[in-house]
1. Once the convex hull of the C-alpha atoms of segment 32-109 is built, how many Å³ does it hold per residue, rounded to a whole number?
2. Can you give me the relative contact order of segment 32-109 as a percent, contacts being Cα pairs under 8 Å and 6 or more apart?
3. Fewest first, what order do K55, K38 take by the number of other Cβ atoms within 10 Å?
Amino acid sequence: MMDMRKRRALAPTFGLALVLCVSPICATRAVASDDAGKKKADEACGACHGPEGNKPITPETPRLGGQQYGYLVQALNDYRRGTRDNPVMTAMAKPLTDKEIRELAGYFSRQQGLTIKR
């Protein structure tokens, strides 16, 4: 049986090994989710919000690129439920699954948003 000093000495090594093994899995999942989010965004959102959610067709159409993930999830769920009023967005959000909403929110939240020049 391993004594306590040896266990403590191995703890950082184990932690590093765990991080190195799990990181590629998480990165692969994020890339796959981003691909799905981009595909859905191009199909469903790009016509009004523009590429990467950054070129809306009207001044009233919001930019989605760089928005907060939680805000986008909440907004799409509200449109889907009909608790947020916009006939176009309600129709667009109604058929989305929870997974598609998370993928879209993840994709748009990772895009470049507006920046302020200083």
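1. With only Cα atoms used, segment 32-109 gives 78 Å³ per residue.
2. Relative CO of segment 32-109 lands at 37 percent.
3. Placing the least packed residue first, the sequence is K55, K38.
Each reported figure results from applying straightforward, stated rules to the coordinates on display, with no laboratory input. Source: prediction; values computed, not measured. Note: ideal-geometry Cβ built from the backbone for every residue, glycine included; neighbour counts use all protein chains shown.
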